[in-house]
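Notes follow the structure.
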Amino acid sequence: MPGVDRTASFQDLVAQAFPRLSPKQQRVARFLASNEAVAAFTPATELAARLEVDPATVVRLTKSLGFAGYPDLQRHLRARFPHHYPAFSGSSNGHGGTSEGQDSGASGLLQRAFAQDHENLRLGLEMLDKTAFAAAVVAIGRARRILVFGGGVATGVAAFLGSSLRSMGFPVEQVGGEGLPLVQALVLLTPDDLAIGIGFYRYVGQTVMVLERARAAGIPRVVLTDSPLSPLVPLADHALCAPVESISHRVSIVAPLAVTNALVAACAARYPDRVSATLRRLNDEYHAAGLLTDG
């Protein structure tokens with residue numbers, strides 16, 4: 001199916017697709033077309049429960065409209081509204097309080113947070129490009145030097161991926177933060193190396209800039225981001241996407257961390273001798289330095 005026409009109104013997109021939708025999908029489509037602001041900030045699981053359909057129906061509908069998935073549809077709708085998250089700025093009942101019947105206490109928020117991350121993981125597995133994932137593993141193994149970087153909320157994901165690969169014996173260089181150190185690391189890269197850029201939602205400008213400069217220098221590039229529409233995707237040789245929808249004012253990095261964890265596992269499986277030898281030596285050195293105990 002061709003991609004969505006970003007210039008068309010959402011109502012037009014729904015109208016064009018409506019005749020070929022199933023009855024349940026038509027019910028969801030009518031609601032979306034009439035409640036764009038609500039849909040823009042409501043998780044797919046909550047929307048499905050509200051309309052008494054299966055979450056898969058919501059996902060299939062978004063793809064029938066031409067979107068890559070429900071997170072992609074939400075980003076399209078959010079572009080029409082001020083950036084906010086309902087759990088932070090107040091619910092959608094229009095009176096500044098919680099919606100009727102919605103548990104806003106600690107227990108209710110805990111359930112909602114886990115439900116949203118569960119949905120992110122499910123959709124993340126669905127939207128992840130398996131070919132790009134496999135190619136990223138090969139690129140990591142081939143690289144003479146690997147620069148892992150990402151600012152803002154992506155810093156933690158970059159730190160996890162970089163430290164994990166480095167402990168496995170891959171030649172990772174990781175710059176804390178941004179600014180001059182990141183540019184200094186960039187200029188040392190060659191086409192035999194690899195740049196791994198990570199960024200989500202309100203993308204950090206320097207992450208984009210470093211990927212642009214790496215592309216201009218012919219350096220292979222892998223990106224981990226939150227949407228096929230991310231400005232990082234066109235700059236990548238291999239793009240990995242994972243949703244970051246959240247019930248709070250911050251994005252959730254659960255699904256991106258799952259992707260990085262899968263990358264670490266895949267690299268260990270593809271290069272077992274290299275990884276196991278390094279891990280054994282690292283473990284011996286940890287104990288020799290008194291940094292680890294078995295207790």
Scan region 133-191 residue by residue and report those that are among the polar types (S, T, N, Q), over 20 Å from residue 265 (Cβ atoms) and touching a Leu at 6+ places or on another chain (Cβ under 9 Å). none
Within region 263-278, does at least one residue satisfy the condition of being of a type in the set (Val, Ile, Thr), within 18 Å of the chain's Cα centre (by Cα) and within 30 Å of residue 76 (Cβ to Cβ)? no
Condition broken by residue 222, with the remaining ones in (1) crowded, with 22+ Cβ neighbours inside 10 Å; (2) β-branched (Val, Ile, Thr); (3) part of a loop (DSSP other than H, G, I, E, B) satisfied: (3)
Read through the list (1) surrounded by 13 or more Cβ atoms within 10 Å (Cβ to Cβ); (2) at pLDDT below 90; (3) over 29 Å from residue 109 (Cβ atoms), then give the number of the only condition that residue 12 fails. (1)
Going residue by residue through region 65-83, is there one that turns out to be buried (at least 16 other Cβ atoms within 10 Å of the Cβ), over 18 Å from the mean Cα position of the chain (by Cα), outside any loop (DSSP other than H, G, I, E, B) and modelled with pLDDT of 90 or more? no
Aliphatic (A, V, I, L, M), over 25 Å from residue 154 (Cβ atoms) and surrounded by fewer than 13 Cβ atoms within 10 Å (Cβ to Cβ), is that true of residue 279? no
Picking from 275, 259, which residue would you name as being touching a Cys at 6+ places or on another chain (Cβ under 9 Å), within 16 Å of residue 200 (Cβ to Cβ) and assigned to a helix (DSSP H, G or I)? 259
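Here is a yes/no grid of residues against (1) closer than 25 Å to residue 43 by Cβ; (2) modelled with pLDDT of 90 or more; (3) assigned to a helix (DSSP H, G or I):
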site: 165; (1), (2), (3): no, yes, yes
site: 181; (1), (2), (3): no, no, yes
site: 196; (1), (2), (3): no, yes, no
site: 209; (1), (2), (3): no, yes, yes
site: 231; (1), (2), (3): yes, no, no
site: 234; (1), (2), (3): no, yes, yes
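The values are calculated or read from the model by the stated rules, or taken from the named source; none is laboratory data. It should be emphasised that the depicted structure is a prediction, and the values quoted were computed from it without experimental measurement. Cβ coordinates were reconstructed from backbone atoms using ideal geometry, including for glycine residues, and neighbour counts include every protein chain displayed.
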